[in-house]
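One structure below.
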Amino acid sequence: TSHAVSVDYSLGMSHPNSHYFEIEMDISDLKSDNIVVKMPVWAPGSYLVREFSKSVNGVIAIDQDGKNLDVKKISKNAWQIQTKGKKSVKIKYEVYAFEMSVRTSFLDDAHGYINGTSVFMYLEGKKDLAGKLSIKPHESFKKISTALKSTGGNVYSFDDYDHLVDCPIEIGNQKEFHFMAAGVDHTVAMYGEGNYDIPTLQKDMAKIVEAETVIMGENPNKEYLFIIHNITHASGGLEHKNSTTLQVNRWTYDEKGYLGFISLVAHEYFHLWNVKRMRPKTLGPFDYDCENYTDLLWVMEGFTSYYDELALRRAGFYDEDEYMAKLFGTINYVENQPGNRVQPVAHASFDAWIKAYRPTENSVNTTISYYSKGQILAAMLDLYIINKFQAEKSL
């Protein structure tokens, strides 16, 4: 029988306070004399080339007899290994992870957080392979939270590379709680102290899930995971197919900040339909080596921004006046930014890689946010359709 090539990973963190993850790739049933492994340069959902290979150290390759193989770096994010006809190769490397954001990875003696594209290399030409990931938590870390399917004993399976890196992983001593909504079992993994109240969150997060599922008609997931980092300097959220990571200020759950938190929940959750399933062709399967251009981020992010606020209104978090005040605030922001008269939303989307994520003092004059303007365009399209069809149809 002929076997396809297989790629499995193991992830270690033997010295968390060094901020280094230790990764091993086990590649077997090889057919070729040389292979190339690559580190992505960006994280889907965050449209900036972040050069994740800058944090990679000490790439070595060993054959099945324990002998070192030649490793040659051939570009900023690619390593070539001469396999000399050996069927199995183990590649070992370290990743320095000390940037606490939803788009990057982090490790210290309190916890580890993995955003896959910044940690896992892939075998060139073989991103479609299914495999296993074995996690070896530091002994002080008692819990792993991820949307990857557990096969027992801290081993997880993935369908292909896109799936592996689309499931963020929280490793530490986080608190987990559950709620059911729209027939889906939701897990919330809370890292860090905060002024949150679990029963309130169970009730309110469920309301958002129900309201958004009504808008979209059906919920594609059986299970969904929220990873929430309660920290000092928050970096928002990042969507995944059946999970999300939210980073919020640990004291955000009071009168003042709470609706902002619920709005972030609504935004990232809505993405499980809009961008993770309905999407421009370029946004999955991904090219991890360079920019992935699309004119449609104003639909992906702008429509999502429209429906996150609408979901809060539908779920009873806003009354009509509060909702309108929110919408007017966004209209004022868009109409009063000089760049609104310069940059169309399609260009704002296409140039996200060089403009949206790299603002300067002149950005206000030449650019507009595809989030905000996209939100207003969604509102206008919704009103147009409602009016045209006498409220029988809507966006």
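Out of every Cα pair in the range 203-323, what percent are spaced more than 19 Å from each other?
In whole percent, the share of Cα-Cα pairs in the range 203-323 beyond 19 Å is 50.
Beyond a 20 Å Cα-Cα separation, which of these cross-linked pairs lie in this structure: Lys207/Lys393; Lys149/Lys222; Lys38/Lys90; Lys149/Lys203?
The answer is Lys207/Lys393; Lys149/Lys203.
In a Gaussian network model over the chain where Cα atoms closer than 10 Å are linked, find which of Asn219, Asn68, Asn242 has the largest mean-square fluctuation.
Sorting by GNM fluctuation, first place goes to Asn68.
The range 1-125: percent of C-alpha pairs farther apart than 18 Å?
It works out to 53 percent of all Cα pairs.
Give me the percent of the accessible area of the range 135-185 that comes from carbon and sulfur atoms, probe 1.4 Å, all protein chains in place.
Roughly 49 percent of what the probe reaches on the range 135-185 is carbon or sulfur.
Over the chain, what is the relative contact order in whole percent, taking alpha-carbon pairs under 8 Å and six or more residues apart?
Taking the mean separation of contacting Cα pairs over the length of the chain, I get 13 percent.
Taking a ≥ b ≥ c as the square roots of the eigenvalues of the Cα gyration tensor of the range 148-236, is the shape rounded (a/c under 1.5), prolate (a/b larger than b/c) or oblate?
Taking the square roots of the gyration eigenvalues as a ≥ b ≥ c, the range 148-236 is oblate.
Taking the highest mean first, how do the peptides 108-116, 245-253 order by number of other beta carbon atoms within 10 angstrom per residue?
Put in order of decreasing packing, that is 108-116, 245-253.
Give the accessible surface of the range 1-139 per residue, rounded to a whole number of Å², with probe radius 1.4 Å and ligands, DNA and RNA excluded.
42 Å²
Mind checking which aspartates and glutamates have their Cα closer than 12 Å to the Cα of Lys143? Skip sequence neighbours fewer than 8 apart in that chain.
Lys143 reaches Glu170, Glu176.
In whole Hz, what ³J(HN,Hα) sequence does the range 182-195 give by Karplus (6.51, -1.76, 1.60; θ = phi - 60°), x for Gly and Pro?
6, x, 10, 7, 9, 10, 10, 9, 9, 9, x, 6, x, 8
For a 21 Å ceiling on Cα separation, which of these pairs sit above it: Lys76/Lys126; Lys92/Lys175; Lys92/Lys136; Lys281/Lys326?
Pairs exceeding 21 Å: Lys92/Lys175; Lys281/Lys326.
Can you give me the Cα centroid spacing of the range 259-308 and the range 179-238 in angstrom?
Spelled out, the Cα-based centre of one part sits 17 Å from the other.
Summarise the accessible area of the range 282-395 (1.4 Å probe, protein heavy atoms) by the percent that is carbon and sulfur.
56 percent
If you fit an axis through the alpha-carbon atoms of helix 320-335 and take the longest principal axis of the Cα set of the chain, what angle between them do you get, 0 to 90°, nearest 10?
The angle comes out near 70 degrees.
Once the Cα atoms of the chain are picked out, what are the Rg and Dmax in Å?
Computed over the Cα atoms of the chain, radius of gyration and Dmax are 22.3, 74 Å.
Thinking of the range 283-328 as a set of Cα atoms, what percent of all their pairs are more than 15 Å apart?
58 percent
The values are calculated or read from the model by the stated rules, or taken from the named source; none is laboratory data. Being a predicted model, the structure only gives us computed values, none of them experimental. Reconstructed Cβ throughout: ideal geometry from the backbone, glycine too, with neighbour counts over all protein chains shown. Remember, those area values only see protein heavy atoms, side chains included, never the ligands or the DNA or RNA. Shrake-Rupley method; radii C 1.70, N 1.55, O 1.52, S 1.80 Å.
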